[in-house]
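The values are calculated or read from the model by the stated rules, or taken from the named source; none is laboratory data. Quantities reported herein were computed from a predicted structural model and do not represent experimental measurements. Reconstructed Cβ throughout: ideal geometry from the backbone, glycine too, with neighbour counts over all protein chains shown. Protein only, heavy atoms only, side chains kept; ligands, DNA and RNA dropped before computing areas. Shrake-Rupley method; radii C 1.70, N 1.55, O 1.52, S 1.80 Å.
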Amino acid sequence: MPLIYIVEDDENIREIQRYALKNSGFDVEEFSCGRELYKALEENIPSLILLDIMLPGEDGLEILSKLRKNNAVSRIPIIMVTAKSSELDKVKGLDLGADDYMTKPFGIMELISRVKALLRRTAGMAETPVLTNGVIEVDTEKRIVTVNGAVCELTFKEFELLKMLLINQGIVLSRNKIMDQVWGFDYEGESRTVDMHIKTLRQKLGDGGSAIRTVRNVGYVMGR
């Protein structure tokens, strides 16, 4: 049975989340701050984390950033839960590595639906340790990208975008498919988010950037 970690300092909200998740067949553990979460992660790795942004001490974005930089826990699916609702806040969280984003207040059915959808999306995602295309090499375990042997620094979402293109080399990927896989099916931002990330990714990849080809009116493809 999937184990869900809830990181939320509001006891009433934690109680609602716990009740809904347990009634849907999930095991649940609760924490009020990052310090408690870190300690629990030393003992057990959950199937998914519900992470609030406004927390005492470290906020959720700081916690998210630390988790994504730690190879032992970097692949845990994370849903950010917050009262902040601006597109800038969402983009910041997603670029730091959040898999999904929920804004308070939200319905219980929505919570369960998103948790189940994210677990389905991330289940059994076996990865090839090293992906290559010409001068580009990506170590998916160490999350290191090199171009002509030089390290290329990417944001979390840029890395996920590049990885998706490399895994599907020669296959044209629509903007909607990319949004679904990299940002999550219910991300409410515009498709130009993909175009902006592709543009930045090409620039950062330098000599390797030309391998990402635009397919007019459809999306993008990583050439062979």
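Some points to look at:
- Any hit, segment 90-108, residues being in a helix (DSSP H, G or I), buried (at least 18 other Cβ atoms within 10 Å of the Cβ) and at pLDDT 90 or above: no
- All conditions but one from (1) aliphatic (A, V, I, L, M); (2) at pLDDT below 90; (3) part of a helix (DSSP H, G or I) apply to Leu166; the one that does not is (2).
- Flag for Glu43 being more than 16 Å from Thr82 (Cβ to Cβ) and in a loop (DSSP other than H, G, I, E, B): yes
- Within segment 1-32, tally of residues that are of a type in the set (Ser, Thr, Tyr) and surrounded by 18 or more Cβ atoms within 10 Å (Cβ to Cβ): 2
- Long-range neighbours under 6 Å by Cβ, at least six apart or interchain, first residue more than 13 Å from Leu111 (Cα to Cα) within segment 1-23, second outside any helix (DSSP H, G or I) and of a type in the set (A, V, I, L, M): Tyr5/Ile49; Val7/Leu51; Asp9/Leu55
- For segment 76-88, the set of residues classified as open to solvent by 40 Å² or more (accessible area, probe 1.4 Å), more than 15 Å from Lys157 (Cβ to Cβ) and either assigned to a helix (DSSP H, G or I) or not polar (S, T, N, Q) (or both) consists of Ala83, Lys84, listed by residue number.
- Residue that is modelled with the highest pLDDT, among those in segment 109-130 that are surrounded by 11 or more Cβ atoms within 10 Å (Cβ to Cβ) and assigned to a loop (DSSP other than H, G, I, E, B): Thr128
- Residues of segment 204-224 that are over 22 Å from the mean Cα position of the chain (by Cα) and either in a helix (DSSP H, G or I) or basic (Lys, Arg) (or both): Gly206, Asp207, Gly208, Gly209, Ser210, Ala211, Arg213, Arg216, Arg224.
- Exclusive hit being part of a strand (DSSP E or B) and either over 22 Å from Gln181 (Cβ atoms) or modelled with pLDDT of 90 or more (or both), set Leu37, Leu50, Leu61, Leu67: Leu50
- All conditions in (1) at pLDDT 95 or above; (2) part of a helix (DSSP H, G or I); (3) aliphatic (A, V, I, L, M) hold for Ala20, with the sole exception of (1).
- Which numbered condition Arg35 misses (of (1) open to solvent by 20 Å² or more (accessible area, probe 1.4 Å); (2) under 24 Å from Pro105 (Cβ atoms); (3) of a type in the set (D, E, K, R)): (2)
- Here the condition is being modelled with pLDDT under 85 and open to solvent by 20 Å² or more (accessible area, probe 1.4 Å); of Asp195, Asp180, it holds for Asp180 alone.
- Within segment 131-155, being open to solvent by less than 30 Å² (accessible area, probe 1.4 Å), farther than 10 Å from Gly208 by Cβ and not in a strand (DSSP E or B) holds for one residue alone: Thr140.
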